[in-house]
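The values are calculated or read from the model by the stated rules, or taken from the named source; none is laboratory data. Bear in mind the structure is a predicted one, so any value in this text is a computation, not a measurement. Here Cβ is always computed from backbone atoms with ideal geometry, including for glycine, and neighbour counts include all displayed protein chains.
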């Protein structure tokens, strides 16, 4: 065999034995999922944890299956705030971590209590809730998000970090038979609060070198009061949380898109 043929044979053997960079990274991906109930997949059970309600249909386990992780730590928890992430969820982050996802901020604003006030009160009561939430989002939340992103980078300096936004709760149809107390004014106000929150998360993430996954384009048309909602209603087991369809068809592709850019 001449030298040229030998070189070709050796090159072919190396190509078979040595994985490509993409294959290697896929086989050595340590993934940690952080955040609140949206990060924990509440609304897409069955649940692997009775307290944190980590849903098997959430975007994090779906992503973990697609990127072929060597380790997957599902540390997000229903009800978590930024403070909870800092004090309870960072234990699995280290220099070997290569991927981190997080959804957080909604509980800092008091989304659950705000929604209850809006649905039980008058339009004016809801407008006050929205105004208070937007003020908090602009003035207080950025510092809290900064602290979370810094802590993640410090513990996992080699990781790609993706934070997601939140989906609109409602469609702004003229009427809403499925949620009668949700007037058009209330729904528009609550959606505006979500938009302000998403804009602040995106702005803070960019400053911190964190990728932002915008779920709203894919979720558009699938809020409550629409014809094909991907959001659980007041009577659902997980009210005002995405369904399995919402996590699979909106949250997961949004995170994947953020990872590609």
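How many of the residues making up region 82-91 are touching a residue at least 60 places away in the same chain (Cβ under 8 Å) and surrounded by fewer than 20 Cβ atoms within 10 Å (Cβ to Cβ)?
Looking only at that region, the number is 3.
Scanning region 178-207 for residues that are part of a loop (DSSP other than H, G, I, E, B) and either crowded, with 21+ Cβ neighbours inside 10 Å or in contact (Cβ under 8 Å) with a residue 12 or more places away in the chain (or both) gives 178, 179, 181, 182, 183.
Mind checking which residues of region 26-52 are surrounded by 19 or more Cβ atoms within 10 Å (Cβ to Cβ) and not in a strand (DSSP E or B)?
29, 36, 37, 38, 39, 40, 41, 42, 43, 44, 52
The criterion of being farther than 16 Å from residue 238 by Cα and in contact with a strand residue (DSSP E or B) (Cβ under 7 Å, 6 or more places away or on another chain) does not hold for residue 42. Do we have any residue at all in region 66-73 that's modelled with pLDDT under 95, in contact with a strand residue (DSSP E or B) (Cβ under 9 Å, 6 or more places away or on another chain) and within 18 Å of residue 254 (Cα to Cα)? Yes, region 66-73 has at least one match. Just to verify a result, which residue in region 53-79, among those that are closer than 17 Å to residue 215 by Cα and in a loop (DSSP other than H, G, I, E, B), is farthest from the chain's Cα centre (by Cα)? So the residue we want is 57.
Just to be sure, is residue 55 in contact (Cβ under 8 Å) with a residue 12 or more places away in the chain, in contact with a strand residue (DSSP E or B) (Cβ under 7 Å, 6 or more places away or on another chain), surrounded by fewer than 19 Cβ atoms within 10 Å (Cβ to Cβ) and over 24 Å from residue 153 (Cα atoms)? No: the conditions fail for residue 55. Selection of helices (runs of 4 or more DSSP H) fully inside region 80-134 by the criterion of at least 1 residues being under 23 Å from residue 213 (Cβ atoms) and in contact with a strand residue (DSSP E or B) (Cβ under 9 Å, 6 or more places away or on another chain) returns 82-88. When 250, 238, 258, 254 are screened for being surrounded by 19 or more Cβ atoms within 10 Å (Cβ to Cβ), outside any helix (DSSP H, G or I) and either modelled with pLDDT under 95 or within 13 Å of the chain's Cα centre (by Cα) (or both), only 238 passes. Looking for something more than 27 Å from residue 87 (Cβ to Cβ) and surrounded by 14 or more Cβ atoms within 10 Å (Cβ to Cβ) - is there at least one such residue anywhere in region 157-164? Among the residues of region 157-164, not one is more than 27 Å from residue 87 (Cβ to Cβ) and surrounded by 14 or more Cβ atoms within 10 Å (Cβ to Cβ), which makes the answer no.
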